[in-house]
Amino acid sequence: MAQLHFVQRFGESLNLHVHTHAVVSEGVFRAGRDFFGRPRLSFKPCFGPNEVETRVLEERIRRRILRRFVRMGAMPAETAEEMLLWEN
């Protein structure tokens, strides 16, 4: 899946408003050849994760972020362990 994104740091009134703009494809282009051997591009759709895969990914990211905070000294290990018990 190809992505193009950038961070914009200001709003319409030149006020501080940090946010991201992104363009994400819903598939990939593959180079190949047609029946006569001529170069040809084909598009193969790719689908996003389902609900179960999304939850697994969210949990993995949550654990990695908390582990990173503990390693950086930004959070005590006890707090991170407590946060892992939270539902959201």
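A few points about this structure:
- Here the calculated FRET efficiency for residue 79 and residue 28, from their Cβ-Cβ distance with R0 = 41 Å, stands at 0.50, rounded to the nearest 0.05.
- The mean accessible area for residues of the chain, using a 1.4 Å probe and ignoring ligands and nucleic acids, is 94 Å² per residue.
- Carbon plus sulfur fraction of accessible area for the chain, probe 1.4 Å, in percent: 58
- Measuring r between the beta carbons of residue 55 and residue 12 and using R0 = 35 Å, the FRET efficiency lands at 0.45.
- Net dipole in debye of the chain [+1 Lys, Arg Cβ; -1 Asp, Glu Cβ; about Cα centre; nearest 20]: 680
- Taking GluC sites (Glu not before Pro) across the range 1-79, the ones in a DSSP loop with at most 13 further Cβ atoms lying within 10 angstrom of their Cβ are 12, 26.
The values are calculated or read from the model by the stated rules, or taken from the named source; none is laboratory data. Keep in mind that what you see is a predicted model, and the values were worked out from it rather than measured. Heads up, the Cβs are rebuilt from the backbone with ideal geometry, glycines too, and the neighbour counts pull from every protein chain shown. For accessibility, only protein heavy atoms count, side chains too; no ligands or nucleic acids. Shrake-Rupley method; radii C 1.70, N 1.55, O 1.52, S 1.80 Å.
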